[in-house]
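A short write-up of the structure that comes next.
The values are calculated or read from the model by the stated rules, or taken from the named source; none is laboratory data. Quick caveat: nothing in here was measured; it's all calculated off a predicted structure. No Cβ is skipped: glycine too gets one built from the backbone with ideal geometry, and neighbour counts run over all protein chains shown.
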Amino acid sequence: MNHIIVIAAGGAFGAVLRFFVSSGVYQWLGRGFPFGTLAVNVIGSFLIGLLTEALVLQRIAITLEYRAAILVGLFGSFTTFSTFSLETLNLIEQGHPLKAGLNIIISVVACLLAVWLGLLSGRTLFLYSGGVVRWFGWVFPYAMVTVNVAGALIIGFLVQTLSSRVLLNIEYKAGILVVLVGMFITLSTLYLILYLIEEGHSFQDDLAMLLSVFIGNTIVCLIGVWLGFQIGKQL
């Protein structure tokens, strides 16, 4: 039952995020080609490849529900094969077979390439000492923190780039930013804490280390969001 609840929660968040991203891309680039669906599928493919290494192949048993919420719920609803199929068929019916063929080729090749790059990035991060630095009894999971920074940068970039092109008032834009960044930092930090607990650390004996990981992850994620904003402003 817990799996169903967390998958439903992740799916709801992913569906809203897909609508926001795809709508922004369509308002930015127009609807002459399925740019919005292509964007969410490529972004989702890269992230699911990266997080499959971080959340599945590392086999941290305590995070089964967490993995289900992200990989099945979030990315299952963020990416969409059905919309891709419908838009391709619509292009054919509208007399644009070349665009339809191009959409099929680009979508398949780009998504497969994105998944491969995501997996390769994850494996590279975890290659050295399992993605963890140990120093005088302290543990710093640098690989997961790097994944979190990358996610924060993508969030900042998407919010800045798309919010400037989607017709929303400033209150809605601020709300979207706060919710996205707040949820991301909370969930990413939760995973790090669970990882450290799985490693045998406890709040009673290692509170200072756990707090430092929490504070450090929050700071670097906020920096990642800010960098994403700066990159988005240049486009």
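Quick notes on this structure:
- Wholly within region 138-235, helices (runs of 4 or more DSSP H) carrying at least 2 residues that are modelled with pLDDT of 85 or more: 142-163, 203-233
- Cβ-Cβ distances below 8 Å connect the following pairs, each with a first residue in region 44-55 that is under 15 Å from Val108 (Cβ atoms), a second residue that is outside any helix (DSSP H, G or I) and hydroxyl-bearing (Ser, Thr, Tyr), and a separation of six or more residues or different chains: Gly44/Thr79; Ser45/Thr79.
- Being in contact with a helix residue (DSSP H, G or I) (Cβ under 8 Å, 6 or more places away or on another chain), of a type outside the set (Phe, Trp, Tyr), at pLDDT 85 or above and surrounded by fewer than 14 Cβ atoms within 10 Å (Cβ to Cβ) holds for only one residue in Leu117, Leu98, Leu112, and it is Leu112.
- Taking the listed residues Val133, Val159, Val179, the one that is surrounded by fewer than 16 Cβ atoms within 10 Å (Cβ to Cβ), assigned by TED's automatic domain parsing to the domain that holds Leu222 and closer than 22 Å to Thr79 by Cα is Val179, with no other qualifying.
Residue-wise test of (1) hydroxyl-bearing (Ser, Thr, Tyr); (2) at pLDDT below 90; (3) not in a helix (DSSP H, G or I).
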position: Ala12; (1), (2), (3): no, yes, no
position: Ala15; (1), (2), (3): no, yes, no
position: Gln27; (1), (2), (3): no, yes, no
position: Leu38; (1), (2), (3): no, no, no
position: Ile43; (1), (2), (3): no, no, no
position: Arg59; (1), (2), (3): no, yes, yes
position: Phe84; (1), (2), (3): no, no, no
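- Search result, residues across region 185-219 that are of a type outside the set (Val, Ile, Thr) and in contact with a Cys (Cβ under 7 Å, 6 or more places away or on another chain): Ser188
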